[in-house]
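All remarks here apply to the structure that follows.
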Amino acid sequence: QRAAEMLAQPLDYFREEAFAEPDADRLLFGEDVEDLLSRLAQGGPSGPTGEAGEPWPLTPLGQAEERALFRALNYAKSRADELRQELNPRRYVPSGVLRRIEALRGRAETLRERLVRAHLPLAAQVARQHAGAGAGFQETYARARTQLGHLVETFDYRGRARFPRYASLELMKAFARAATPQAGDDA
């Protein structure tokens, strides 16, 4: 039953040739990524501002750090998907394979959460710009946080674009679409 549930859950990711390398686990989940995750877990934004209302930088990550985390996120999902392809719920499925898939999915979720948390100041900045008569800051910020999670999942880190720029533009577009009256609403 666990195998059938895992097969039913979608896994979207971007794949690189480096993911197939024999030492990909060491390269993509190595000490650098662990250090970054540890740093992001210890400090950084959990809300729209830092101590005493001081704003956090829009991103605490450099371009190489950002790319390393997005690569690790996509690699975890890619490896989990490879293992899922081996599952056949009509046959015996070794529990070790299921545990490995669950561990990889957990790893991907941790990476996703840390990337979202690292970019909360960006979400707060865009929310401040779009809060107004229709919705207050807290409501707008909550929508921006939710959208930010989706953007982390869909960002193609393999190009030259940085995530903060992509996320900022996509958040602004989402708020603009929400503010535009739909046809037939003018009555």
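The values are calculated or read from the model by the stated rules, or taken from the named source; none is laboratory data. This is a predicted model, so every value here is computed, not measured. All Cβ positions, glycine included, derive from the backbone under ideal geometry; neighbour counts span all protein chains shown. Remember, those area values only see protein heavy atoms, side chains included, never the ligands or the DNA or RNA. Shrake-Rupley method; radii C 1.70, N 1.55, O 1.52, S 1.80 Å.
Exposure here means at most 10 other Cβ atoms within 10 Å; with trypsin sites (Lys or Arg not before Pro) in a DSSP loop as sites, the longest stretch of the chain lacking them is 1-89.
Taking all protein chains as present, what is the carbon and sulfur share of the accessible area of the chain, in % to the nearest whole number, probe 1.4 Å? Within the chain, the accessible surface is 49 percent carbon and sulfur. Against the criterion of solvent-accessible heavy-atom surface with a 1.4 angstrom probe, ASP81, ASP35, ASP156 sort, most first, into ASP35, ASP156, ASP81. Positive end of the dipole of the chain (Cβ unit charges, origin at the Cα centre): among PHE155, THR59, GLY96, the Cα lying farthest that way belongs to GLY96. Residues SER38, SER78, ordered by accessible area of protein heavy atoms at a 1.4 angstrom probe radius and largest first, appear as SER38, SER78. Put a dot 7 Å past the Cα of ALA142, heading toward its Cβ, do the same for GLN63, and the two dots end up 3.8 nm apart. Its relative contact order, with pairs defined as Cα atoms under 8 Å and 6+ residues apart, puts the chain at 26 percent.
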